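This report concerns only the one structure given below.
Quick note: the coordinates plus some simple rules give every number you see, no bench work behind them. As the structure is a prediction and not an experimental result, all values here were calculated from the model. Cβ placement follows ideal geometry from the backbone for every residue including glycine, while neighbour counts extend to all protein chains displayed.
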Amino acid sequence: MIDTERLSRRLARLRAEFLADLGRRRAVIAAAWGRLSQADGRDDCLQAVHSLAGAAGTFGFDELHRQARALESGLEGLPRGTGPDAELEAAWDRLQALLDRLQAGGPGDR
């Protein structure tokens, strides 16, 4: 028999760990973002954003999942070795604003 109370506590703990790790995830994305015009920068950024989007979706952070997926989609269309256009910059800015709210413990998702 499934212990739903125990499962709920475990999920809450995992969600809290995910939130606590947002700063590290953001730093990884930001470092890769700064290297977009380098050969491996796009792929590194894409991998980090993809990971964020997947984890956000898994833990029920729907808006974060959507924002990360929007950035991921833009990165997928970016040719390697080029910098971001205005639309991609705006997607990154929106994601950062949402991360700011989440990291501050304020509203920002759902």
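Of the residues Ala32, Ala39, Ala48, Ala55, the single one that is crowded, with 17+ Cβ neighbours inside 10 Å, in contact (Cβ under 8 Å) with a residue 24 or more places away in the chain and among the small types (Gly, Ala, Ser) is Ala55.
Taken residue by residue, the stretch 70-83 has at least one member that is in a helix (DSSP H, G or I), charged (D, E, K, R) and surrounded by 12 or more Cβ atoms within 10 Å (Cβ to Cβ).
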